[in-house]
1. Could you go through the stretch 91-107 and let me know if any residue there is within 18 Å of Gly53 (Cα to Cα), buried (at least 18 other Cβ atoms within 10 Å of the Cβ) and over 16 Å from the mean Cα position of the chain (by Cα).
2. Quick one: which residue in Pro179, Pro192 is in contact with a strand residue (DSSP E or B) (Cβ under 9 Å, 6 or more places away or on another chain) and more than 24 Å from Lys37 (Cβ to Cβ)?
3. For the stretch 108-125, what are the residues that are closer than 19 Å to Gly71 by Cβ, surrounded by fewer than 19 Cβ atoms within 10 Å (Cβ to Cβ) and either modelled with pLDDT of 95 or more or out of contact with any strand residue (DSSP E or B) (no Cβ under 7 Å at 6 or more places or on another chain) (or both)?
4. Report whether or not Val176 is part of a strand (DSSP E or B) and touching a Pro at 6+ places or on another chain (Cβ under 7 Å).
5. Select from the stretch 67-84 the residues that are in contact with a helix residue (DSSP H, G or I) (Cβ under 8 Å, 6 or more places away or on another chain), of a type outside the set (Asp, Glu) and either surrounded by 20 or more Cβ atoms within 10 Å (Cβ to Cβ) or assigned to a loop (DSSP other than H, G, I, E, B) (or both) and list them in ascending order.
Amino acid sequence: MIKSIRKLLLMDEHVCPSGFYSTLDVGFRKHFHNPDKIFAPYIKPGYMVADVGCGPGFFSVGLAKIVGETGNVTACDIQEAGLERLKNKIMGTPLQKIISFQKATSETIGLDGQYDFILNFWMLHEVNNKEKFIGQIKSAMMPGSLYMLVEPRFHVISKAFKQEVEIAINAGLKPVDYPKIRMSRSVVFKNPG
């Protein structure tokens, strides 16, 4: 049993194994990570949003409900399992017209549009080259658009989070808010243009 758990944890050196998706995509999570409360101050109907590192799409669904049918959410992940799970979840629902999909690679997130809001929730610590990654995030942002970085407190210590914030600042992003999100360290950046 211990060996099989260890093997699951080591399947990929840095990326959360898709075997854990069922723990990230459960209804009771809304009690402590409610998308409406977390994102409403930053997102409006009609926005173009990217959920980078979306996993099984827990936040993609919440974001799609906020942007509505005039907006779009690009669910982006390096693991096909997460994207497939999300596709199956929204199939035949109105969200199918709002959520689009982007398969990332170890080299690129592949976002070529200009987004009003980009989210990284509990995933930046999994990225090897954070400077390159944040540069790709910034290049997908319009002037004045926002980038929310959220990391888990139990996994990313304060010093490591400060280093991630510094990387974003060095890329030209400006911290504008530090929202309180349970079990998390978080910051919202603005692309000054």
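The values are calculated or read from the model by the stated rules, or taken from the named source; none is laboratory data. This is a predicted model, so every value here is computed, not measured. Note that each Cβ is placed from the backbone with ideal geometry, even for glycine, and that neighbours are counted across all protein chains shown.
1. Yes, the stretch 91-107 contains a residue that is within 18 Å of Gly53 (Cα to Cα), buried (at least 18 other Cβ atoms within 10 Å of the Cβ) and over 16 Å from the mean Cα position of the chain (by Cα).
2. Values: Pro179 fails: more than 24 Å from Lys37 (Cβ to Cβ).
Exactly one residue qualifies, and that residue is Pro192.
3. Asp112
4. Answer is no for this residue.
5. Gly71, Val73, Ala75, Gln79, Gly82
Here is a yes/no grid of residues against (1) over 22 Å from Met183 (Cβ atoms); (2) assigned to a helix (DSSP H, G or I); (3) among the hydrophobic types (A, V, I, L, M, F, W, C); (4) touching a Gly at 6+ places or on another chain (Cβ under 9 Å):
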{"position": "Gly62", "(1), (2), (3), (4)": "no, yes, no, no"}
{"position": "Leu86", "(1), (2), (3), (4)": "yes, yes, yes, yes"}
{"position": "Leu95", "(1), (2), (3), (4)": "yes, yes, yes, no"}
{"position": "Leu111", "(1), (2), (3), (4)": "yes, no, yes, no"}
{"position": "Phe117", "(1), (2), (3), (4)": "no, no, yes, no"}
{"position": "Ser145", "(1), (2), (3), (4)": "yes, no, no, no"}
{"position": "Glu151", "(1), (2), (3), (4)": "no, no, no, no"}
